[in-house]
1. Would you mind computing, in nm to one decimal, how far apart the modelled labels at Thr18 and Arg79 are, each placed 7 Å from Cα along Cα→Cβ?
2. Once phi is turned into θ = phi - 60°, what whole-Hz ³J(HN,Hα) does the Karplus curve with 6.51, -1.76 and 1.60 give for every residue of the stretch 32-42, x standing for Gly and Pro?
3. Starting at the first residue of the stretch 53-63, write each ³J(HN,Hα) from the Karplus equation 6.51 cos²θ - 1.76 cosθ + 1.60 with θ = phi - 60°, in whole Hz, x for Gly and Pro.
4. At a Förster radius of 22 Å, what calculated FRET efficiency corresponds to the Cβ-Cβ distance of Thr159 and Asp191, to the nearest 0.05?
5. Between Lys99 and Gln169, take the C-beta separation as r, use R0 = 30 Å, and let me know the FRET efficiency to the nearest 0.05.
6. In this model, which of Lys10/Lys167; Lys16/Lys72; Lys52/Lys170; Lys35/Lys167 are farther than 22 Å apart at the alpha-carbon?
7. Could you tally the net charge around Pro9, taking each other residue with its Cβ under 11 Å from the Cβ of Pro9, Lys/Arg +1 and Asp/Glu -1?
8. Tally Lys/Arg at +1 and Asp/Glu at -1 over every other residue whose Cβ is under 9 Å from the Cβ of Phe81; what's the total?
Amino acid sequence: MRYHTSMNPKLIVEQKITAFVNRYAIYATSPDGNKSQLIAFAQQKRLNFKEKVLFYSDESKDTPIFSFRAEKVFDIHGRYFVEDNSGALVGSFKKDFGKSFVSSTWHILDTSDNIKFTISESNKALAVFRRYGGYIPIVGDIIDLITLFFRYHFVFTQTDSGVEVGKYQKTTLFRDHYALSMTDAAYIAEDWRVLAAMSVALDALQSR
């Protein structure tokens, strides 16, 4: 059974593409769900996912506020720790390899390694088409191009209740702009820094 709960945009994520790095601006939202003030700014070198991804208070990058890093240097799709500016753990997330053969699936964990949320692509057919269509002889490149024009999104399911409590949706066709919508209760129950890190990872680590 699918439960329907009221969700509103909580974070807006906008990727800014440059020649050598991917930059992500994370915005808070107003009560009506519109983009509000910038609350974090992240920068990630292309083709180098092993490094720590730092989040700053603004685009000047003068004040780091938190980060996420891979648990193992050579395991770029494994577990990631989210840490505050002093290095203290605030949460983590990891990829579910088994389920990700069909559609990308991640888990958000608390500081005691308990799974709080499961995040997975909602459209399983599109996920399979996007993941394996490129391997089809002759038409594979065409399929890869076509899937770029399909907006995709992830759903957040609360582990203890099985209730869908959030959605991470691409809001634009050509730019990588996203909205994280969640119920008030689910958003308050999680550290926003973990949600911001997970939101960036859903773009940066998907290898699309």
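1. Between Thr18 and Arg79, the label points sit 3.4 nm apart.
2. Using θ = phi - 60°, the values come out as 8, x, 8, 4, 10, 7, 5, 10, 6, 9, 10 Hz.
3. Values, residue by residue: 9, 8, 10, 10, 6, 7, 6, 5, 6, 7, 10 Hz.
4. Working: r = 16 Å, r/R0 = 0.73.
Computed FRET efficiency for Thr159 and Asp191 comes out at 0.85.
5. Numbers: r = 20 Å, r/R0 = 0.67.
So, using R0 = 30 Å, E works out to roughly 0.90.
6. Numbers: Lys10/Lys167 10 Å; Lys16/Lys72 27 Å; Lys52/Lys170 25 Å; Lys35/Lys167 16 Å.
Distance filter (> 22 Å) returns Lys16/Lys72; Lys52/Lys170.
7. Working: positive: Lys10, Lys35, Lys167; negative: Asp32.
Net of charged neighbours comes to +2.
8. Charge balance near Phe81 sits at 0.
Values in this text are rule-based calculations from the coordinates and carry no lab data. For clarity, every value in this text was computed on a predicted model and none was experimentally measured. Heads up, the Cβs are rebuilt from the backbone with ideal geometry, glycines too, and the neighbour counts pull from every protein chain shown.
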